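These notes are about the structure you will find just below.
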Amino acid sequence: MVPRVINGEFVYPEWISDNNSIKVEDGANQLAVNVGQIVFEDGKRRKFDSQPLLLEFDAPKDAELTLTYNKFRTIEEANAFEMDPKLTLKDANGKDVEFSMVQLRKGGLQGFRDYEREVADYNKAMNKESTKASIAASPAVTKTLKESFHDLSREEQQEFMQWAMRNLK
């Protein structure tokens with residue numbers, strides 16, 4: 001399981017601790033994850049990656065939560081999971097933590113996905129404030145850049161992203 005976005009922010013690898021945990025804020029949280037696993041298809045091994053799953057839950061203060069799913073071995077089991085994903089969120093005492101979950105589906109080629117954008121688009125469509133809250137919590141320069149990027153049209157955003165990818169250091 002790979003965390004992609006937490007509360008509107010991209011999850012950098014260094015945010016994930018050695019024991020595969022990630023810090024969440026007290027109170028309302030939004031977490032996008034992918035489930036990736038090696039499965040068997042026609043006797044061969046292949047990598048399965050689920051569509052992103054967006055979870056919303058309330059975390060008690062200093063809670064240690066565990067997100068799990070039932071492992072699968074075959075592509076048929078993986079496809080069944082994709083059609084009806086089932087995850088479990090528990091606290092340190094093994095008690096279920098209530099959450100809501102949606103699957104972020106995207107058609108077409110999916111070689112490079114902008115998970116942050118997909119979550120922001122979902123939040124915008126659902127009139128949620130997570131994107132604006134994450135912009136407000138950013139340092140001043142990043143905040144200005146994020147606000148400017150957010151104001152661009154989809155085509156302008158794509159053009160900017162292509163420029164940014166060509167000019168990475």
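The values are calculated or read from the model by the stated rules, or taken from the named source; none is laboratory data. Keep in mind that this is a model prediction, so the values were computed, not measured. Neighbour counts are summed over all protein chains in view; Cβ atoms, including those assigned to glycine, are modelled from backbone coordinates with ideal geometry.
General remarks:
- Whether a residue is in contact with a Leu (Cβ under 9 Å, 6 or more places away or on another chain), free of Cβ contacts under 8 Å to residues at least 24 places away in the same chain, closer than 22 Å to ASP121 by Cβ and aliphatic (A, V, I, L, M) was assessed, and VAL11 passes this test.
- In summary, strands (runs of 3 or more DSSP E) completely within region 16-101 and bearing 3 or more residues that are more than 17 Å from ILE6 (Cα to Cα) occur at 36-41, 44-49.
- Restricting VAL39, VAL11 to residues that are of a type in the set (Val, Ile, Thr) and either farther than 29 Å from GLN157 by Cα or surrounded by fewer than 12 Cβ atoms within 10 Å (Cβ to Cβ) (or both) narrows the list to VAL39.
- Residues of region 102-132 that turn out to be at pLDDT 90 or above and either part of a loop (DSSP other than H, G, I, E, B) or over 16 Å from LEU54 (Cβ atoms) (or both), as a count: 1
- Residue match in region 61-77 (condition: closer than 18 Å to VAL119 by Cβ, hydrophobic (A, V, I, L, M, F, W, C) and either surrounded by 12 or more Cβ atoms within 10 Å (Cβ to Cβ) or touching a residue at least 24 places away in the same chain (Cβ under 8 Å) (or both)): yes
- Test: residue in region 72-86 that is within 18 Å of LEU31 (Cβ to Cβ) and small (Gly, Ala, Ser): no
- Number of residues in region 157-169 that are modelled with pLDDT of 80 or more and more than 13 Å from ARG117 (Cβ to Cβ) equals 1.
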